[in-house]
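The structure appears below as structure tokens.
Any read-out appearing in this document is the output of simple, stated calculations on the displayed coordinates, not a laboratory observation. Since this is a predicted model, take the numbers as computed values, not measurements. Positions of Cβ are backbone-derived with ideal geometry, glycine not excepted, and every protein chain shown enters the neighbour counts.
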Amino acid sequence: QKEVEQDPGPLSVPEGAIVSLNCTYSNSAFQYFMWYRQYSRKGPELLMYTYSSGNKEDGRFTAQVDKSSKYISLFIRDSQPSDSATYLCASGSNYQLIWGAGTKLIIKP
Amino acid sequence: NAGVTQTPKFRILKIGQSMTLQCTQDMNHNYMYWYRQDPGMGLKLIYYSVGAGITDKGEVPNGYNVSRSTTEDFPLRLELAAPSQTSVYFCASSYSAGPGASNQPQHFGDGTRLSIL
């Protein structure tokens, strides 16, 4: 079992839809949870960062962590074509960061 | 502000050749990392450094070497290129005031696309 798992997609939705991206992790010691966005032929860039359980909101983006089920979610409201990218989740402890393989998201105009 | 800069952007090598991938950052970050990214796989850590003169192996270090003589630069060396090293290589940096930086956001360069034929 991979320590951090993501559905690779692609996930294709119409512009304006609410998008839900998800990851699961296996190590209960993980406390830090991040979402990165990666455009084609670019490096990943940090989108959201959360510590422990709970929700965090930033504009159209909401990150959610449920430690009881080891489930990480990223919600995108009012999705735009410019949101089309690969979304990587990462989680870890102070000394270890494990990356998911990424989910490719396509927003259709 | 340049952030993390990687050169070259693309390179084709023959089996057995050597090369150095360059990485420099201008954010005065103490931690630097090298990852490889293969299709359908997550980022795999090759080597990392917690400061000038200090480096350590990551998950997939075989076939690679690094050095860190300055805070800014963290080159990655391939000594005998093999087809299995065909990948996209990313350099990243982060800042941590204490031990353990895996919880700190990392800033990435735009990668070097390397093909070994």
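Within the range A:53-99, all pairs of alpha-carbon atoms sorted by distance into 10 Å bins from zero give the percentages 20, 49, 26, 4. Take the alpha carbon atoms of the range B:1-17, find their center, do the same for the range A:46-94, and report the distance between the two centers in whole angstrom. One Cα centre to the other: 31 Å.
Shown here for the range B:1-108: trypsin sites (Lys or Arg not before Pro) in loop regions (DSSP other than H, G, I, E, B) with at most 14 other Cβ atoms within 10 Å, namely B:9, B:14.
Its Kirkwood hydrodynamic radius, worked out from the mean inverse distance over all distinct Cα pairs, puts the range B:49-109 at 13.1 Å. Panel order for B:107, B:29, by other beta carbons found within 10 Å of each beta carbon, from fewest to most: B:107, B:29.
Remark: the range A:31-39, residue by residue, has Karplus-estimated 3J(HN,Hα) of 10, 10, 9, 9, 10, 10, 10, 10, 7 Hz, where x stands for each Gly or Pro and the curve is 6.51 cos²θ - 1.76 cosθ + 1.60 at θ = phi - 60°. Around residue A:32, with a cut-off of 14 angstrom between Cβ atoms, what is the net charge of the other residues, counting Lys and Arg +1 and Asp and Glu -1? Its environment carries a net charge of +2. The simple Förster model, with R0 at 22 Å and r as the Cβ-Cβ distance, assigns residue B:19 and residue B:62 a FRET efficiency of 0.85.
Applying the criteria of a DSSP loop state and at most 16 other Cβ atoms within 10 Å to the GluC sites (Glu not before Pro) of the range B:15-109 yields B:59, B:79. For the peptide B:56-69, the mean number of other protein chain Cβ atoms found within 10 angstrom of a residue's Cβ is 0.
Across the range A:88-105, computed HN-Hα scalar couplings (Karplus, 6.51 cos²θ - 1.76 cosθ + 1.60, θ = phi - 60°) run 9, 9, 9, 9, x, 10, 4, 10, 8, 10, 10, 9, x, 6, x, 10, 7, 10 Hz from first to last residue, x flagging Gly and Pro. Computed across the protein assembly as shown, the Kirkwood radius stands at 18.1 Å (inverse of mean 1/r, all Cα pairs). Near residue A:92, once Lys and Arg are set to +1 and Asp and Glu to -1 for all other residues with Cβ below 15 Å from its Cβ, the sum equals +1.
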